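Here it is, the structure in full.
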Amino acid sequence: MGLGLHLQQLAVRTLPLTPWLRTWFLSPAGPFTIFFWAPSFKWGITIANIGDMRVPAENLSTPQQFVIMISGLIWCKYAFQIYPFSWNFLCVQAFMSLTGIYQLARKAKVYYAAKS
């Protein structure tokens, strides 16, 4: 028995959980699986990109923003094909792609304003 499964069983047996919380703890995409934690940590990239909206567009890295956008778009597609389905995974990928698109639009606006 793995550590995650042991902790899950311990939490379910000892904590006073509501039926909804108990179901979530025992779900295949619950907090005791990688399907919960991997997207949760990926929110850090998205939040950092939101924080970069205060940075002047000239200082943003175009390749970095392109990778953030493409990564979000690709994994949005696969979010529907991965079992167990995770709303957290789908949302973080969607927000990641949107922040990348927004940052690239800011870069394009500055680039074309300088050209004219």
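Derivation of every value follows stated rules applied to the coordinates shown; laboratory data play no part. In this text the structure is predicted, and so the values were computed from the model without any measurement. Cβ: placed from backbone, ideal geometry, glycine included. Neighbour counts: every protein chain shown.
May I ask for the distance between the Cα centers of segment 63-77 and segment 3-32, given as a whole number of Å?
33
A further question on this structure: When only DSSP loop residues count, what chymotrypsin sites (Phe, Trp or Tyr not before Pro) in segment 1-99 have their Cβ near at most 16 other Cβ atoms within 10 Å? Could you put the intermediate results ahead of the total?
Values: sites: Trp20, Trp24, Phe25, Phe32, Phe35, Phe36, Trp37, Phe41, Trp43, Phe66, Trp75, Tyr78, Phe80, Phe85, Trp87, Phe89, Phe95; in loops: Phe32, Phe80, Phe85.
Counting only loop positions with at most 16 other Cβ atoms within 10 Å, the chymotrypsin sites (Phe, Trp or Tyr not before Pro) in segment 1-99 are Phe80, Phe85.
Quickly estimate the mean residue ellipticity at 222 nm for the chain, helices only: each DSSP H run with n ≥ 4 gives -39500 (n - 2.57), and the total goes over all residues, rounded to 500.
Numbers: 5 runs with 85 residues, N = 116.
Calculated mean residue ellipticity at 222 nm is -24500 deg cm²/dmol.
Answer with one residue from Pro28, Leu73, Ser40: the one whose Cα lies farthest towards the positive end of the charge dipole of the chain, charges on Cβ with Lys, Arg +1 and Asp, Glu -1.
Leu73
Cut-off 10 angstrom, C-alpha nodes, Gaussian network model of the chain. Which of Ile101, Ile34, Ile68 fluctuates the most?
Ile34
Ok, one more. Specify the residue with the greatest mean-square fluctuation among Ser86, Ser27, Ser97, computed from a Gaussian network of the chain linking alpha-carbon atoms under 10 Å apart.
Looking only at Ser86, Ser27, Ser97, the biggest GNM fluctuation is shown by Ser27.
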